[in-house]
Amino acid sequence: MRLKQVNRVLAIVAAAALLAACGKKEEAAAPGAAAPMPVVKVGHVGPVSGPIAHLGKDNELGARMAIDELNAAGVVINGQKVKLELMAEDDGADPKQGTAVAQKLADAKVVGVIGHLNSGTTIPASKIYSDAGIPQISPSATNPKYTRQGYKTAFRVVADDVHLGSTLGKYAVETLKAKNVAVIDDRTAYGQGVAEEFTKAAEAAGAKIVAKEFTTDKATDFNAILTSIKGKKPDVVFFGGMDAVGGPMLKQMKSLGITAKFMGGDGICTAELSKLAGDAIGSEQVFCAEAGGVEGEAKAGMDKFRADFKAKFNVDVQLYAPYVYDATKVMVAAMVKAGSSDPAKYLPVLAATSDYKGVTGPIAFDEKGDIKNGALTLFTYKGQSREQLAVIR
C-alpha cells in the first residue's frame, strides 16, 4: 500500500475514534438521563407440565400477581427503587427435573426462590439452594423432612403433614365414626408422608387399619387395589396423593360399589377434584384438609384476593396461589427491611419474620423455618361445590 493510502486510512480511523469518544462524552453528560433501574431476580418453581399442571400454574400465577403488585407500588431497597423480575421454571413434579432447574436458578444468581410445589421436588432442591445460600420458601410442601434437614435457607408458609395427617386421622374416627380404615398412597414424599401421619393418628384414636395399598402419581387404573380393599369393608378410604389421581380413583370406587367415605390431604382438596371425579364426588362423601385457612375478619381479605385473582387471570384459584402470593411478599418485605437483596444480608431478617399479615393469615417462622401456629381448613364436597367445615390451629 502506498504511503498516501496508508495516511488516508489512518486519518479515517482516527476520525472515527474521535467521533466515538465525543459521542460517549455527550451520552454521559446528557442532562436528565436516568440510570437503569436495578433488577432483582426472584425464582419460582412448580409443575406447569404433567398431570398436576393446573396446580403448578395456579402457583405461578400467585407469584406473578405478587410481583406485579409490588412493581406497581414501587419497591425501594436501601434508598434505591428496584424492579422485581420473576424467573419461572417447570419441574414437572419430577425430582430430577426439580434439581436441574434449582441449579439453573442458582447459576442465574436469583436472590430467592418460591417453591417447589411438591415435597418430592422441594426436598432434593433445598440442598442446592442451601449450598448456594439462597432463601427458599415453599408454599405447599408439607413433608416434615423439608425443614428438618438443618438448612437455614428453608422455610414454608403452610402446616406440615404431622399436623395435617393427625388432624384428618382424628376426624375420621371421632367425627366420621370410622372403625375400619383403608390407606392408599402414591409413593411420593408427600403421599407417603401424609398417609403415615394419618395412619398413626387414626390408630391412636381407635381405628383398625384393614388395608395398606400403594399406587403411583401417574397411575390411572386402580381396580386391583380397590377390589382388594372392597372385600375388607372399610368405613373410610384415605388417599395420600394429588387430585389428578384422586378423581379417577373416586370414579372407580363408585363403579365397584365402594361406599366408604373418601379422605385426603391438601393434594386432593381442590376445585378441580369435583371435575375429575364427576358424579362420584357425591354429597358429603369426600373429606379433605387444606394446609392453611382464615376465618372471621381475615376471611374478607382472602375473598378479595380470590376476586382480584379471577379478575386478573380469568381463572379461579385452584389451591395454593394465596400461599405463593404471601410467600413472595414476605420474601420481598425481608429485603426491604434488611436494606439489601443480598441473600446473606436479608436471610436473617426473613428468619426473624414474626408479624407479617398475609391474605392467608399471620406469618411467623419458628427456628426450623416452619410457620408458627399453622392453620388447617377442613372441607367436604356437595356435588361440584366445595364447602368449608372448620378452621383448626
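The values are calculated or read from the model by the stated rules, or taken from the named source; none is laboratory data. Owing to the predicted nature of the structure, the values given are computational and were not obtained by experimental measurement. Quick reminder, even Gly has a Cβ in these numbers, built from the backbone with ideal geometry, and neighbours come from all protein chains shown.
Side notes on the structure shown:
- If you go through the stretch 38-47 and pick out every residue that is among the hydrophobic types (A, V, I, L, M, F, W, C) and either closer than 13 Å to GLY120 by Cβ or crowded, with 22+ Cβ neighbours inside 10 Å (or both), you end up with 2.
- Residue in the stretch 327-349 that is nearest to the chain's Cα centre (by Cα), counting only those that are assigned to a loop (DSSP other than H, G, I, E, B) and among the polar types (S, T, N, Q): SER341
- Scanning the stretch 378-393 for residues that are modelled with pLDDT under 90, within 20 Å of SER166 (Cα to Cα) and not hydrophobic (A, V, I, L, M, F, W, C) yields a single hit, ARG393.
- Scan the stretch 320-345 for residues that are of a type in the set (Asp, Glu) and either under 19 Å from GLY358 (Cβ atoms) or outside the structural domain of GLY43 (by TED's automatic domain parsing) (or both) and the total you get is 1.
- Residue check: ALA307 meets all listed conditions (1) touching a helix residue (DSSP H, G or I) at 6+ places or on another chain (Cβ under 7 Å); (2) assigned by TED's automatic domain parsing to the domain that holds TYR151 but one, namely (1).
- In this entry, MET302 passes the filter for residues that are under 26 Å from GLY112 (Cβ atoms), outside any strand (DSSP E or B) and modelled with pLDDT under 95.
- Selected residue [in contact with a helix residue (DSSP H, G or I) (Cβ under 7 Å, 6 or more places away or on another chain), surrounded by fewer than 20 Cβ atoms within 10 Å (Cβ to Cβ) and assigned by TED's automatic domain parsing to the domain that holds GLY169] from THR216, THR220: THR220
- Conditions (1) touching a Lys or Arg at 6+ places or on another chain (Cβ under 8 Å); (2) touching a residue at least 60 places away in the same chain (Cβ under 8 Å); (3) among the aliphatic types (A, V, I, L, M); number of the one not met by VAL194: (1)
- Condition check for GLY133: farther than 27 Å from ALA53 by Cβ and in contact (Cβ under 8 Å) with a residue 12 or more places away in the chain: yes
- Enumeration of residues in the stretch 138-187 that are in contact with a Ser or Thr (Cβ under 7 Å, 6 or more places away or on another chain), modelled with pLDDT of 95 or more and among the acidic types (Asp, Glu): ASP186
- Against the test of being buried (at least 22 other Cβ atoms within 10 Å of the Cβ), farther than 24 Å from LYS357 by Cβ, at pLDDT below 95 and assigned by TED's automatic domain parsing to the domain that holds ASP217, the options GLY246, GLY267 yield a single qualifying residue, GLY267.
- When LEU84, LEU55, LEU61 are checked against the criterion of being of a type in the set (A, V, I, L, M), more than 14 Å from the chain's Cα centre (by Cα) and not assigned by TED's automatic domain parsing to the domain that holds GLN192, LEU84 stands alone in meeting it.
- Looking only at the stretch 223-251, residues that are within 22 Å of GLU197 (Cβ to Cβ) and either polar (S, T, N, Q) or in a loop (DSSP other than H, G, I, E, B) (or both) come to 5 in all.
- Exactly one residue among ALA311, ALA344, ALA327, ALA333 is loosely packed, with under 15 Cβ neighbours inside 10 Å and under 20 Å from GLY43 (Cα atoms), and that residue is ALA344.
- Test: residue in the stretch 263-273 that is in a helix (DSSP H, G or I), out of contact with any strand residue (DSSP E or B) (no Cβ under 8 Å at 6 or more places or on another chain) and under 29 Å from ARG306 (Cβ atoms): yes
- Residues of the stretch 350-374 classified as in contact (Cβ under 8 Å) with a residue 40 or more places away in the chain, of a type outside the set (A, V, I, L, M) and assigned to a loop (DSSP other than H, G, I, E, B), total: 5
- The single condition among (1) surrounded by 24 or more Cβ atoms within 10 Å (Cβ to Cβ); (2) part of a loop (DSSP other than H, G, I, E, B); (3) small (Gly, Ala, Ser) that GLY206 does not satisfy is (1).
- Against the test of being out of contact with any Gly (no Cβ under 8 Å at 6 or more places or on another chain), surrounded by 21 or more Cβ atoms within 10 Å (Cβ to Cβ) and not assigned by TED's automatic domain parsing to the domain that holds VAL349, the options ALA102, ALA189, ALA182, ALA141 yield a single qualifying residue, ALA182.
- Number of the condition not met by PRO135 [criteria: (1) farther than 19 Å from ASP326 by Cα; (2) in the same structural domain as VAL330 (by TED's automatic domain parsing)]: (1)
- Any hit, the stretch 75-86, residues being under 22 Å from VAL158 (Cβ atoms), surrounded by fewer than 20 Cβ atoms within 10 Å (Cβ to Cβ), at pLDDT 95 or above and not charged (D, E, K, R): yes
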